[in-house]
Amino acid sequence: MTKELLAKAGSIAGRNWAPGVAIAAGAIATFVAIYYARLPLLEWNLFRQTQTALTSYWMIEEGWRIPYQTPVVGYPWELPFEFPIYQSIVALIAWATGFSLDPVGRLVSFSFLLACAWPAFQIARRLELPRDAAWVFCALLWSSPLYLFWGRTFTIETAAVFFSLAAIPYALDLRDTHPSYWSAALFAFFGSLAMLQKITTAVPVLMVMGLLLVVGHVRNNGWRLPCWSKLGLVAAAFLVPLVIGLAWTRYADHVRGQNFLGQTTTFAAQSSYYFGEMSDRLNFDWLKTVFWDRVIDKNAAGFLGVSLIAAGLIWTDHRTRATLFICLILFAMPILIFFRVHWFIEYYQTASALFLLGALAIATVVGLRQVTNPPLAVPLVTAVLVLANLFHFSTGYGHYLTQTLDASHTRALAVGDVIQRYTAEDSAILVFGLLSNDAAYPVVSWSSEIAYYSRRKAFTVEDSFESRIWDDPASYLGGKELGAIVICAEDSLDRYAPIIRKYDPDPSPGVFEVRGCYVWLPGVQSIVLANGEHREKHLLGDGKDSGRRASH
């Protein structure tokens, strides 16, 4: 009897090991997402997180509009980039429930990551892959350090990934001799959402899917054109998202062009930032940084993952090799097309790494079964891959989650708290010298953390624009009262004294030191920080501030 029970239990475990591993990985990811949901948006890449959150915040405060507000670079406050699908969902949930915006944004982002399981199973079914392959993909995705961390940040990345992945099953349906209108419509629908949410994530997927359809048709039918009904249906399915995406890009460029600093962020102005030069793609150090250091080594078990995929490309059947090859193309294409921005910003690799994980899942489940006999080989290798991911997360991104981020220790929260308590709600602020160090190299830019946590519309001045607005920077606030000037620069504080004197009639204007920044508050003689510390005015021009630098 005992033997029978053990045999039955072993049989059940043998059939359900893959769902078990995926559910365990998903449970760990869910715990991390929920446990750290209330963490301020400052653990890493606060530039992008707070910029995205700023949009949702002002949707709640002043209503939804197509030219949505991101009030960080002065008036006019509209600064649209992607269509605000994710930001609108977050704003709606936070407004309807009254929950705090930061955790809502994080959990909505994480929900999109979990939802990637749905298209994964759809793709596996259409490619006639074992269901275990989809389960292993989910386990790798949800344990991957890249997604375990960025999947619970206040960013659009997982929404863009989900919409792009959701379009793929319906692109595969278009291979049929007589594809259905439903498949074409759903591909156009999800493809359009992907293009609107993030064009740099969606374009490579649409390109590869279109090329796959052409190659498949030529292979099966030669160069003879398909029937006109299929040709028209497939063309419409691809043209709809492309036209919608390009139309939104043109519109967003036009709106941003009305803003003084926004003129420099149009697609034409930023094309070199996105695409880079051919020499960038031949830079071995950059290639190693993006492909190996950030993705393969930490998210695909390094040489083990490469060996598994290589074995699959060499020893498996033709169909499996073709599927692996397509996954690798989908992995490489976003990086190679938009190489400069992928090198500059780490979270961009979320657009491509999941396809490497897809290749690894197929190589593990299908490839190992074709080249080795031991029944436990696939479960054991899968467990090793997942554990390797979790180890790399704990020794890498995981450190960011254990930081002390509160108004007593963190600059953006401390400065934001002071501005909220000592300025009028309808006032606006000027911010100088705000350093963003979350990318490949630090830049003084229009990072949004002080604008977001102060709950004030802001003109955060990029260093290259200071000379152009020096005479009257407050004129870029759209007529709003100047509530505060914040200086977080490494330059001597004396450098900014002339700007403060423009707006302060006091012959000896002063500023308050707040966690390494200096804050000018008109008419305020002393302040109390969030931790109870008192601050008195530091007078400008008395010689004490000469050469003083703000710490970062």
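The values are calculated or read from the model by the stated rules, or taken from the named source; none is laboratory data. Quantities reported herein were computed from a predicted structural model and do not represent experimental measurements. All Cβ positions, even for glycine, are placed from backbone atoms using ideal geometry, and neighbour counts span all protein chains on display.
Things worth noting here:
- Selection within the range 256-282: residues that are of a type in the set (A, V, I, L, M) and modelled with pLDDT under 90. The member of this set that is nearest to L477 (Cα to Cα) is L261.
- Any chance G98 is touching a strand residue (DSSP E or B) at 6+ places or on another chain (Cβ under 6 Å) and either under 30 Å from P473 (Cβ atoms) or surrounded by fewer than 18 Cβ atoms within 10 Å (Cβ to Cβ) (or both): no
- Scan of the range 489-508 for residues that are in a loop (DSSP other than H, G, I, E, B) and surrounded by fewer than 18 Cβ atoms within 10 Å (Cβ to Cβ), ordered by number: E490, D491, S492, P505, D506, P507, S508
- Of all residues in the range 33-46 being among the hydrophobic types (A, V, I, L, M, F, W, C) and either surrounded by fewer than 19 Cβ atoms within 10 Å (Cβ to Cβ) or not in a helix (DSSP H, G or I) (or both), the one that is farthest from the chain's Cα centre (by Cα): I34
- Number of positions in the range 128-157 that are farther than 16 Å from M195 by Cβ and within 23 Å of the chain's Cα centre (by Cα): 19
- Any chance D491 is modelled with pLDDT under 95 and touching a Pro at 6+ places or on another chain (Cβ under 8 Å): no
- Residues that are assigned to a helix (DSSP H, G or I) and in contact (Cβ under 8 Å) with a residue 12 or more places away in the chain were ranked within the range 261-270; the one that is nearest to F465 (Cα to Cα) is G262.
- Close pairs (7 angstrom Cβ cut-off, 6 or more residues apart or separate chains): touching a residue at least 60 places away in the same chain (Cβ under 8 Å) and under 15 Å from F432 (Cα atoms) in the range 475-486, of a type in the set (V, I, T) and assigned to a loop (DSSP other than H, G, I, E, B) anywhere: G483/T423; A484/T423
- Subset of the range 375-390 [over 21 Å from A29 (Cα atoms) and surrounded by 14 or more Cβ atoms within 10 Å (Cβ to Cβ)]: A377, V378
- Across the range 154-179, the number of residues qualifying as of a type in the set (A, V, I, L, M) and more than 21 Å from A33 (Cβ to Cβ) comes to 5.
- Some residue of the range 447-461 being more than 23 Å from D426 (Cα to Cα) and charged (D, E, K, R): no
- Among helices (runs of 4 or more DSSP H) entirely within the range 292-394, having at least 2 residues that are modelled with pLDDT of 95 or more and either out of contact with any helix residue (DSSP H, G or I) (no Cβ under 8 Å at 6 or more places or on another chain) or farther than 26 Å from F47 by Cα (or both) singles out 303-315, 318-337, 353-362.
- Scope the range 60-86; condition β-branched (V, I, T) and either within 18 Å of Q258 (Cβ to Cβ) or over 19 Å from the mean Cα position of the chain (by Cα) (or both); matching residues: I60, I66, T70, V72, V73
The rows are residues; the columns are (1) at pLDDT 95 or above; (2) farther than 30 Å from F391 by Cα; (3) crowded, with 20+ Cβ neighbours inside 10 Å; (4) in contact with a helix residue (DSSP H, G or I) (Cβ under 8 Å, 6 or more places away or on another chain).
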| site | (1), (2), (3), (4) |
| --- | --- |
| L140 | yes, no, yes, yes |
| E157 | yes, no, yes, yes |
| H178 | no, yes, no, yes |
| F187 | yes, yes, yes, yes |
| L196 | yes, yes, yes, yes |
| L206 | yes, yes, yes, yes |
| M209 | yes, yes, yes, yes |
| R219 | no, yes, no, no |
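- Matching residues in the range 52-87 - criterion: being aliphatic (A, V, I, L, M), part of a helix (DSSP H, G or I) and within 20 Å of D426 (Cβ to Cβ): L54, M59, I60
- Candidate set from the range 395-415 (those that are of a type in the set (V, I, T) and modelled with pLDDT under 95); member that is nearest to N16 (Cα to Cα): T402
- I500 meets all of the listed conditions (1) of a type in the set (V, I, T); (2) in contact with a helix residue (DSSP H, G or I) (Cβ under 8 Å, 6 or more places away or on another chain); (3) free of Cβ contacts under 8 Å to residues at least 60 places away in the same chain but one, namely (2).
- Residue identified as surrounded by 15 or more Cβ atoms within 10 Å (Cβ to Cβ), under 21 Å from F339 (Cβ atoms) and either of a type in the set (G, A, S) or touching a His at 6+ places or on another chain (Cβ under 8 Å) (or both) among G276, G191: G276
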